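The numbers here are math on the coordinates, done by the rules we state, and not lab data. A quick note: this is a predicted structure, and the numbers were derived from the prediction, not measured. Backbone-built Cβ (ideal geometry, glycine too); neighbour counts: all protein chains shown.
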Amino acid sequence: MNNVVLGGTLSAKKIGMQRAPLAWRVRNMARFYFVWGWLAHVTGHLYSRLFGAPVMLGKLSAIVTRADGTRINYGVLGYRVVTTAFVNFVVDQLQTETSVFGDFLYHDSGVGSTAEAAGDTAIETTDGESRASGTQTEGASANIYRSVGTISYTSTLALREHGLFNASTVGTLMDRTVFAAINVVNGDSVQYTYELTITAGS
């Protein structure tokens with residue numbers, strides 16, 4: 001009888017996630033529209049609780065994965081801005097529903113730096129990459145819509161804007177956020193997490 005002996009070794013290495021550089025965090029948080037958006041986010045929740053009025057509040061976060069596998073958590077990029085186009089779209093859907101109502105999962109990014117505004121209908125300057133189809137889930141509570149999408153980059157870019165749409169091309173823009181430049185090169189990717197909080201009246 002022949003005996004067969006099997007053996008092996010297993011090793012594991014925990015790869016931690018870095019925080020975004022302090023200089024970037026200061027630049028991003030010092031922007032007028034970041035501060036304004038943060039104040040609107042905080043006071044919107046307070047207003048809803050105090051007066052029982054429903055509100056819609058957007059928030060965008062990002063994690064960058066470098067080509068070498070290094071992951072950098074950039075945290076919250078911004079809190080603005082739900083668009084007029086999306087609000088009008090919701091009203092239209094309440095009258096005549098179409099299949100694209102549940103399709104706000106397409107993440108796009110760009111290099112435009114013009115401040116976001118409710119009247120925006122598209123990314124200012126596209127980065128040339130295809131939109132990412134994000135996963136759709138609830139956030140920390142049942143009144144938070146969350147979409148997480150990852151865009152892989154094939155060139156050197158200074159990313160400055162993000163938008164969430166209901167189609168892989170064109171479509172209706174739900175929210176556009178502008179932020180301090182995040183530099184990427186070929187092989188890098190960015191995981192964007194967009195959350196829309198909708199509070200109920202009371």
Checklist outcome for this item: For the range 46-120 the mean separation of alpha carbon contacts under 8 Å (6+ apart) over residue count, i.e. relative contact order in percent, is 27 percent
Item to check | Separation of the LEU50 and ASN88 label points, Cα + 7 Å toward Cβ, nm | outcome: 3.2 nm
Checklist entry - How long are the three semi-axes of the equivalent ellipsoid for the range 40-132, computed from the Cα gyration tensor as the root of 5 times each eigenvalue, in whole Å, largest first? => result 27, 20, 14
Checklist entry - Over the range 95-138, what is the mean sequence separation of C-alpha contacts under 8 Å (at least six apart), divided by residue count, expressed as relative contact order in percent? => result 44 percent
Next on the checklist: From the helices alone, meaning DSSP H stretches of at least four residues, give me the mean residue ellipticity at 222 nm for the chain, per-run term -39500 (n - 2.57), in deg cm²/dmol to the nearest 500.
Outcome noted: -6500 deg cm²/dmol
Checklist entry - With axes computed from alpha carbons, what is the tilt in degrees of helix 84-95 against the longest principal axis of the chain, rounded to the nearest 10 within 0 to 90? => result 80 degrees
Checklist entry - How big is D, in µm² s⁻¹, for the range 89-202 by Stokes-Einstein at 20 °C and 1.002 mPa s if Rh is the Kirkwood radius over C-alpha pairs? => result 144 µm²/s
Checklist entry - Between MET17 and ASN186, what FRET efficiency comes out of the Förster formula 1/(1 + (r/R0)^6) with R0 = 30 Å and r the beta carbon distance, rounded to 0.05? => result 0.85
Checklist outcome for this item: Over all directions, the chain yields a Cα convex hull whose mean projected area in nm² is 17.3 nm²
